[in-house]
Amino acid sequence: MNGFEFTFADPDDEKSIKRLLSASGLPHEDMAQHLRHFILAKSDHDLIGVVGLEVLGELGLLRSLAVAPPHRNKGIGTILYGRILAYAHLQGIKELYLLTTTAEGFFSKLGFCKVDRNNVPPPIQATKEFQTFCPSTAVCMVKGRDEEPQYYPKEILRLQPDVPGAAMWAIALKKAMLTYFEVEPNSRFEMHRHESEQITMVLEGELFFEIAERMICVKQGEVIAIPSNVPHAVFTQKKSAKAVDAWSPPMEKYKK
Ligand SMILES: CC(C)(COP(=O)(O)OP(=O)(O)OC[C@H]1O[C@@H](n2cnc3c(N)ncnc32)[C@H](O)[C@@H]1OP(=O)(O)O)[C@@H](O)C(=O)NCCC(=O)NCCS
């Protein structure tokens, strides 16, 4: 899909999102408080599509999916849905709900099923969208997390802070996990151990491992494999580092 870019929303986008939502007949009154979880489609910096998520623990409310009329039926709505689904997975969401008055058919094709409003979990019923904005005639739909392969586009992999000086994302299946870290110079992960086996590859810079009474410098393109429960500390010196780690079983502390 050349010519379109997908990004997370920031406060500068608020006005144009409101315009698009109201032109599409969707509520936007409480949008600002959920803006952090909104994904946009833009063409030449102009907003042409939006989708949002409300994160309620393991439940999610998919909301505010709209594509500007001149750009409809080109697949953008489906791509936005794919982005928000990947993001919902990263947030650890197990069940995704939505309300719609206009697009039941669109969401049915994506695997959503109709559900009685009265059978919806209380945190979803308590959302503003559920209580106020959508008329009681709106159809409520749900989709559980399935075991299908999940694609994570780059812009969905938003870094989260970890130890001071380090930011990361984590993706887990049931038995394996991949993490990605960006570590500033002179940062340190104190001595620790974990049941999970860890295999780390340095993509850029260098990482130092204090392990088994040795210090090992792992440079760009190199790998270190750490068996279960071996104590180790990790740090950077003058250079920053970017690295990926494979874990099995998944590290509990990085699971959402
Ligand atoms: C619903 C919406 C987001 C779809 O976006 P889009 O970019 O046009 O969708 P796509 O091009 O990815 O369409 C994919 C398919 O869905 C179908 N579709 C699109 N809108 C539909 C609707 N409202 N109901 C049923 N099917 C619909 C298309 O015909 C197409 O079908 P096909 O693959 O069999 O040809 C867009 O029509 C819109 O903004 N509508 C107004 C706001 C709205 O109703 N949002 C949903 C409520 S949260």
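Here is how the numbers come out for the structure above:
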quantity: Using alpha-carbon coordinates, inclination of helix 76-90 to the longest axis of the chain, degrees; calculated: 50 degrees
quantity: Proximal lysines relative to Lys242, as straight alpha-carbon distance under 28 Å, when same-chain residues fewer than 8 apart are discounted; calculated: Lys154, Lys174, Lys175, Lys219, Lys253, Lys255, Lys256
quantity: Surface per residue (accessible, 1.4 Å probe) for segment 149-196, Å²; calculated: 63 Å²
quantity: q = 0.25 Å⁻¹, segment 145-210: log10 I(q)/I(0) [Debye, one scatterer per Cα]; calculated: -1.42
quantity: Inter-site label distance for Ala225 and Asp10 at 7 Å from Cα along Cβ, in nm; calculated: 4.2 nm
quantity: Of all accessible heavy-atom area on segment 5-144, the percent that carbon and sulfur account for (1.4 Å); calculated: 50 percent
quantity: Rg/Rh (Cα only; Kirkwood hydrodynamic radius) as it applies to segment 83-176; calculated: 1.05
quantity: Net charge, Pro249 excluded, C-beta distance under 9 Å - Lys, Arg +1, Asp, Glu -1; calculated: -1
quantity: Length gained when the stretch His45-Arg188 is fully extended (0.36 nm per residue, less Cα-Cα span); calculated: 47.6 nm
quantity: Of every Cα-Cα pair in segment 5-144, the percent that sits beyond 21 Å; calculated: 36 percent
quantity: Under-15-angstrom lysine pairs by C-alpha in segment 5-144, whenever the two are 8 or more apart or on separate chains; calculated: 6
quantity: Where a label projected 7 Å from the Cα of Asn118 along Cα→Cβ would reach, residues of segment 56-70 with amide N under 14 Å; calculated: none
quantity: Measure of compaction for segment 159-254 (Cα Rg per 2.2 N^0.38 Å); calculated: 0.98
quantity: Diffusion coefficient, µm² s⁻¹, Stokes-Einstein with Kirkwood Rh over alpha-carbon pairs of the chain at 4 °C and 1.567 mPa s; calculated: 64 µm²/s
quantity: Difference of contour (0.36 nm per residue) and Cα-Cα distance, Glu204 to Cys217; calculated: 3.4 nm
quantity: Eligible aspartates and glutamates near Lys239 by straight Cα distance, threshold 12 Å, same-chain separation 8 or greater; calculated: Glu182, Glu184, Glu204, Glu206
quantity: Accessible surface of Arg214 - all protein chains present, 1.4 Å probe, nearest 10 Å²; calculated: 150 Å²
quantity: Inter-label distance, nm, simple model (7 Å from Cα along the C-beta direction), Lys174/Glu155; calculated: 3.4 nm
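The values are calculated or read from the model by the stated rules, or taken from the named source; none is laboratory data. Bear in mind the structure is a predicted one, so any value in this text is a computation, not a measurement. Using ideal geometry, Cβ is built from the backbone for each residue, glycine included, and neighbour counts are taken over all protein chains shown. All accessible areas refer to the heavy atoms of the entire protein, side chains included, with ligands and DNA or RNA removed. Shrake-Rupley method; radii C 1.70, N 1.55, O 1.52, S 1.80 Å.
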